[in-house]
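The values are calculated or read from the model by the stated rules, or taken from the named source; none is laboratory data. What you see is a predicted model, and the numbers here were worked out from it, not measured in a lab. Positions of Cβ are generated from backbone atoms using ideal geometry, with glycine treated the same way; all protein chains shown enter the neighbour counts.
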Amino acid sequence: MNQLATPPRIPRINEPAPDFQAKSTHGVIRLSDYTNKGKWVLLFSHPADFTPVCTTEFVEFARNYSEFEKRNVQLIGVSIDSVYSHIAWARNIEQNFNVKVDFPVVADLDQKVVASYGMVHEAVSDTAAVRAVFFIDPKSAIRAVLYYPLSLGRNIAEIIRVFDALQTADANACSTPANWVPGKPVIVPPPLSKQDADARVQNKGELKVTDWYFAQRDLAVPAAK
């Protein structure tokens with residue numbers, strides 16, 4: 001295995017997602033193959049095939065695959081294992097857990113993908129990728145990033161919630177509060193002048209105004225001008 005001599009820079013939020021071309025269980029794929037078609041992408045790494053925590057994650061990704069499809073999200077897994085290992089592991093998951101792994105899993109033997117995304121943390125391992133999660137929008141911009149240690153399995157419901165929140169914010173020019181889930185009120189951007197702040201407090205309209213800087217609305221209500 002090639003070892004990374006210098007720790008790579010981790011791509012940050014709102015930066016372009018590094019494009020790549022790589023072998024996978026679905027043949028050769030490129031990240032841009034999906035984003036160019038208007039899809040969101042969840043790019044996630046795992047330490048190794050045939051390991052218990054990773055297996056639980058792949059089972060849950062597979063079980064929730066239709067939920068990602070509803071949100072126009074393409075799942076792409078990646079680790080430094082071979083295509084043959086990925087295929088054998090996916091078949092093993094299907095046999096043992098009765099779920100089918102329908103998304104591509106990249107065989108990153110030369111570590112080019114994990115290096116470009118900063119997925120290998122040398123303090124943990126010189127080769128195995130940590131549990132990195134990159135949320136990439138159809139413009140190929142990184143919108144959110146999550147990292148987990150090798151011992152901690154990811155919460156798939158939270159990953160789905162992040163996509164719901166990002167897509168809702170984009171569609172409605174709003175933000176989402178802590179613990180937000182679809183159907184709950186969203187946060188209205190705060191006023192940018194004292195005059196607008198005074199107007200918001202004095203004339204609440206359809207907004208749920210707690211104070212000049214903190215207002216919420218139901219998505220059924222038109223956005224405040």
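Taken over the range 68-107, the criterion of being closer than 13 Å to S45 by Cβ and in a helix (DSSP H, G or I) is satisfied by H86 alone.
Among residues of the range 174-223 being within 29 Å of I159 (Cα to Cα) and among the small types (G, A, S), the one that is modelled with the lowest pLDDT is A223. Within the range 183-213, the set of residues being among the charged types (D, E, K, R), within 31 Å of the chain's Cα centre (by Cα) and part of a strand (DSSP E or B) comprises K208 only.
The strands (runs of 3 or more DSSP E) falling completely within the range 2-57 that include 2 or more residues that are hydrophobic (A, V, I, L, M, F, W, C) and modelled with pLDDT of 95 or more map to 27-30, 40-45.
Taking the range 155-178 as the range and being within 15 Å of D218 (Cα to Cα) and assigned to a loop (DSSP other than H, G, I, E, B) as the test, the residues that pass are A173, C174, T176, P177.
Looking for something surrounded by fewer than 16 Cβ atoms within 10 Å (Cβ to Cβ) and farther than 22 Å from S151 by Cβ - is there at least one such residue anywhere in the range 52-59?
The initial filter retains those residues of the range 52-59 that are surrounded by fewer than 16 Cβ atoms within 10 Å (Cβ to Cβ), namely 52, 56.
Retained after the next criterion (residues that are farther than 22 Å from S151 by Cβ): none.
For the range 52-59, residues surrounded by fewer than 16 Cβ atoms within 10 Å (Cβ to Cβ) and farther than 22 Å from S151 by Cβ: absent.
Evaluate the following for A157: is it closer than 29 Å to P177 by Cα, small (G, A, S) and surrounded by fewer than 16 Cβ atoms within 10 Å (Cβ to Cβ)? Considered against the rule, which asks whether it is closer than 29 Å to P177 by Cα, small (G, A, S) and surrounded by fewer than 16 Cβ atoms within 10 Å (Cβ to Cβ), A157 comes out as yes.
Being surrounded by fewer than 15 Cβ atoms within 10 Å (Cβ to Cβ) and within 30 Å of K139 (Cβ to Cβ) is a property that does not hold for D164.
Against the conditions (1) touching a residue at least 40 places away in the same chain (Cβ under 8 Å); (2) of a type in the set (D, E, K, R); (3) closer than 20 Å to I10 by Cα, R30 satisfies every one except (1).
Do the conditions hold for I10, that is, is it among the β-branched types (V, I, T) and not assigned by TED's automatic domain parsing to the domain that holds N98?
Values: among the β-branched types (V, I, T): yes; not assigned by TED's automatic domain parsing to the domain that holds N98: yes.
Considered against the rule, which asks whether it is among the β-branched types (V, I, T) and not assigned by TED's automatic domain parsing to the domain that holds N98, I10 comes out as yes.
Which of the following residues is surrounded by fewer than 17 Cβ atoms within 10 Å (Cβ to Cβ) and of a type in the set (A, V, I, L, M, F, W, C): I29, I80, I10, I76?
Numbers: I29 fails: surrounded by fewer than 17 Cβ atoms within 10 Å (Cβ to Cβ); I80 fails: surrounded by fewer than 17 Cβ atoms within 10 Å (Cβ to Cβ); I76 fails: surrounded by fewer than 17 Cβ atoms within 10 Å (Cβ to Cβ).
Checking each option against the conditions leaves just I10.
E94: surrounded by fewer than 15 Cβ atoms within 10 Å (Cβ to Cβ), over 19 Å from I136 (Cα atoms) and at pLDDT 95 or above, yes or no? So E94 fits the description; yes.
Test S45 against the stated conditions and say whether it is touching a Lys or Arg at 6+ places or on another chain (Cβ under 7 Å) and within 27 Å of A165 (Cβ to Cβ). First the steps, then the outcome.
On the way: touching a Lys or Arg at 6+ places or on another chain (Cβ under 7 Å): yes; within 27 Å of A165 (Cβ to Cβ): yes.
Judged against the criteria, S45 is a match.
Looking across the range 97-142, the residues that are at pLDDT 95 or above and farther than 28 Å from Q167 by Cβ come down to F97, N98, A107.
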